[in-house]
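Q: Starting off with a structure, shown below.
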Amino acid sequence: MNDAITNALDDVVDVLRSPLGLLAVTLIGYQLGRKLQNRLGGHAIAQPVLVAIVIVGAWITLLDVEYDDYVSATQMIAFWLGPATVALAVPLHRQAGRLTGFVVPMLVAVVVGAAVSIVSAVLIARALGADDRLEKTLTAKSATTPVAIAVTDAVGGIAPVAAVLVILIGVFGAVVGPATLNLLRIRDRRARGLAVGAVSHGVGASRMLQEDETEGAFAGLSMGLSALAISILVPLLAVVLF
């Protein structure tokens, strides 16, 4: 009898550790995050991505699942992130008229912001005693994950650490970004979207879409422009910084 129970439990664990089980818990975790956010009236701390990370992290730790196995099991979600990112162009198209007279200031702000992000990260890390490789890892922290990984590899940083930093900063920016902009009394919806999108990329763009379509549209635009600016500026500034 005990052997039968043990075998049944082993079968259940195998199912939970399977690609289907890991994919299911990821989707369920995100949906629970959305329900929690709705229950709390859209409170910033209840970011669905943050809730999903906590649930999935606890799940794979409890079941002793290797991270590489989890990534392999959830490739379907990773594949659809591409079309989802491209879809951010839809609200931007609807807000195209609001680009009038804003293009040049926007481009200057994105380039200057990217440069400040890169230089400040390196100098703060250096002041705190970080080694050269960690400094290089921090340079692309404000880009999207694929760009950050590629840029970090190119300059000799630690790509997996860069990916984790991007995700953490994205979630943190999405949580505190809108409140910080309110505190600073920044009301222009275009500027708000640009600021959060430049720092928090996809997670921030999703958050700003919940706030306002204009903010979400400009956050999506800023995400792409910032990734481009960082991919160009990091190799150039690396010559001076390292």
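Bear in mind that the values in this text are calculations on the coordinates, not laboratory data. Quick caveat: nothing in here was measured; it's all calculated off a predicted structure. Note that each Cβ is placed from the backbone with ideal geometry, even for glycine, and that neighbours are counted across all protein chains shown.
Q: As a test of the formula, what do you get for the chain when each DSSP H run with n ≥ 4 contributes -39,500 (n - 2.57) and the sum is divided by the residue count, at 222 nm and rounded to the nearest 500 deg cm²/dmol?
A: Only helices count here, giving -27000 deg cm²/dmol.
Q: Would you work out which of Val151, Leu194, Val239 lies farthest towards the positive end of the dipole of the chain, given +1 charges on the beta-carbon of Lys and Arg and -1 on that of Asp and Glu, about the Cα centre?
A: Farthest towards the positive pole: Leu194.
Q: Dividing the Cα convex hull volume of the chain by residue count, how many Å³ per residue is that?
A: 148 Å³
Q: Counting Lys and Arg as +1 and Asp and Glu as -1, each charge on the Cβ, what is the dipole of region 86-241 about the Cα centre in debye, to the nearest 20?
A: 320 debye
Q: If you don't mind, there's one more thing I want to ask. Give the peptides 137-144, 173-180 in descending order of average Cβ contacts within 10 Å, highest first.
A: Ranked from most to least packed, the peptides come out as 137-144, 173-180.
Q: Computed over the Cα atoms of region 161-242, what is the convex hull's projected area averaged over all directions, in nm²?
A: For region 161-242, averaging the hull's shadow over all directions gives 5.7 nm².
Q: What's the Kirkwood radius of region 2-79 in Å, using all Cα pairs?
A: 13.6 Å
Q: Compute the long axis of helix 145-155 from its Cα atoms, compare it with the longest principal axis of the Cα atoms of the chain, and write down the angle in degrees, 0 to 90, nearest 10.
A: 70 degrees
Q: Would you work out the relative contact order for region 2-79, in percent, from Cα pairs under 8 angstrom that are 6 or more residues apart?
A: The normalised contact order for region 2-79 reaches 33 percent.
Q: Turning to a different aspect of this structure: Only Cα pairs under 8 Å and at least 6 apart count here; give the relative contact order of the chain as a rounded whole percent.
A: Normalised by residue count, the contact order of the chain is 18 percent.
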